[in-house]
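S.K.: The structure that follows is given in the form of structure tokens.
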Amino acid sequence: MIRGLYTSALGMITNMQRMDITTNNMANVNTTGYKRDHVVSHQFSDMMMARINDPGLRMFQQWGIGALNPGVFVDDVFADFSQGAFQETGNTLDLALAGNGFFVVNLNGEELFTRDGAFTMANGMLLTPEGGRVQGINGDITLPEGYIVINEQGRIYVNSEYVATLRFANFDRDGLHSLQKMNDNFFRAGEHTPGTEIPFEGSVVQGFLEGSNVNIVQEMVQMITTSRAYETNARMLTIQDGTLQRAVNDIARRQ
């Protein structure tokens, strides 16, 4: 019975974590380049239960009751890197990536990755809104004044003169799973990311931004499902607590 209390409480904690992820996805439904998070749950190993020392049985004889699962827990949270819808802006410094891959940014000396191509310029340097320096194949990108054109390969022309080429990063499945999500739509290389980089095979679309890949309807359905699961576990916890209280009181009276 007490084990049931722990199982129900664990279910409530797991659903609270699920709700946190769902609400964060919904809050970023309009965030440029945002990738929704998924929650992966894992169940504890089943325990085999047996009756021992029952009255009328021989000493230490055991009767099998069956398997019991102690509950589930959040095993992993990972980002869904599927493509978001493109939104036309007409801004020459707004870039979207069609296909897999990331822009590379240097922020405070650290190399980061992002799908958010809403870039700006300051003192001729191509920057993210947070002040990160957008990286080209030769480092920081500095552009002269003039009419900017960026082709599908990421080559940058100013007044029809070639200036620089954007640097991109792309990873295999293990590398993507290892990336660590940070604030401001950035990703950081994880422990297993090195050695998983593969060639960039996407293309750049100038004058567009990639929207969030969050489906608000799916997230609302997930929120309702999670809320009901939490309420069920809370109700079971209350029932088991009441049953335990009655058992203790009845035993106390008989004593």
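The values are calculated or read from the model by the stated rules, or taken from the named source; none is laboratory data. The model shown is predicted, which means the values in this text are computed figures rather than measured ones. Heads up, the Cβs are rebuilt from the backbone with ideal geometry, glycines too, and the neighbour counts pull from every protein chain shown. Side chains are part of the model used for accessible areas, which takes the heavy atoms of the whole protein and leaves out ligands, DNA and RNA. Shrake-Rupley method; radii C 1.70, N 1.55, O 1.52, S 1.80 Å.
S.K.: So for the range 211-231 (the condition being without any contact (Cβ under 8 Å) to a residue 60 or more places away in the chain, within 26 Å of the chain's Cα centre (by Cα), part of a loop (DSSP other than H, G, I, E, B) and closer than 30 Å to Ile141 by Cα), does at least one residue qualify?
M.R.: Looking for residues that are without any contact (Cβ under 8 Å) to a residue 60 or more places away in the chain, within 26 Å of the chain's Cα centre (by Cα), part of a loop (DSSP other than H, G, I, E, B) and closer than 30 Å to Ile141 by Cα, one finds none in the range 211-231, hence no.
S.K.: Count, please, the residues in the range 82-120 that happen to be part of a loop (DSSP other than H, G, I, E, B) and either polar (S, T, N, Q) or open to solvent by 40 Å² or more (accessible area, probe 1.4 Å) (or both). Spell out how you get there, then give the answer.
M.R.: Our first condition is that a residue be part of a loop (DSSP other than H, G, I, E, B); within the range 82-120, this holds for 82-85, 89-93, 99-101, 108-109, 115-117, 119.
In the following step, the residues that additionally are either polar (S, T, N, Q) or open to solvent by 40 Å² or more (accessible area, probe 1.4 Å) (or both) were identified as 82-83, 85, 89-92, 100, 108-109.
Of the residues in the range 82-120, 10 are part of a loop (DSSP other than H, G, I, E, B) and either polar (S, T, N, Q) or open to solvent by 40 Å² or more (accessible area, probe 1.4 Å) (or both).
S.K.: Sticking with this structure for a sec: State which residue is nearest to the chain's Cα centre (by Cα) when the search covers only the range 232-255 and only residues that are open to solvent by 60 Å² or more (accessible area, probe 1.4 Å) and at pLDDT 80 or above.
M.R.: Of the residues in the range 232-255, the ones open to solvent by 60 Å² or more (accessible area, probe 1.4 Å) are 232, 235-236, 238-239, 241, 243, 245-246, 248-255.
Right, trim to at pLDDT 80 or above and you get 232, 235-236, 238-239.
On the way: Thr232: 26, Arg235: 30, Met236: 30, Thr238: 32, Ile239: 35 Å.
Checked the range 232-255; the qualifying residue nearest to the chain's Cα centre (by Cα) is Thr232.
S.K.: Considering only residues of the range 174-210 that are modelled with pLDDT of 90 or more, over 19 Å from the mean Cα position of the chain (by Cα) and outside any strand (DSSP E or B), which is surrounded by the most Cβ atoms within 10 Å (Cβ to Cβ)?
M.R.: Phe200
S.K.: While we're here: Considering only the range 142-173, state which residues are closer than 18 Å to Ser82 by Cα and surrounded by fewer than 19 Cβ atoms within 10 Å (Cβ to Cβ).
M.R.: Within the range 142-173, the subset closer than 18 Å to Ser82 by Cα is 168-173.
Those that are closer than 18 Å to Ser82 by Cα and surrounded by fewer than 19 Cβ atoms within 10 Å (Cβ to Cβ): Asp172, Arg173.
S.K.: Please go through (1) touching a strand residue (DSSP E or B) at 6+ places or on another chain (Cβ under 6 Å); (2) of a type outside the set (Phe, Trp, Tyr); (3) loosely packed, with under 11 Cβ neighbours inside 10 Å for Val217 and return the number of the only condition it doesn't satisfy.
M.R.: Against the list (1) touching a strand residue (DSSP E or B) at 6+ places or on another chain (Cβ under 6 Å); (2) of a type outside the set (Phe, Trp, Tyr); (3) loosely packed, with under 11 Cβ neighbours inside 10 Å, Val217 comes up short only on (1).
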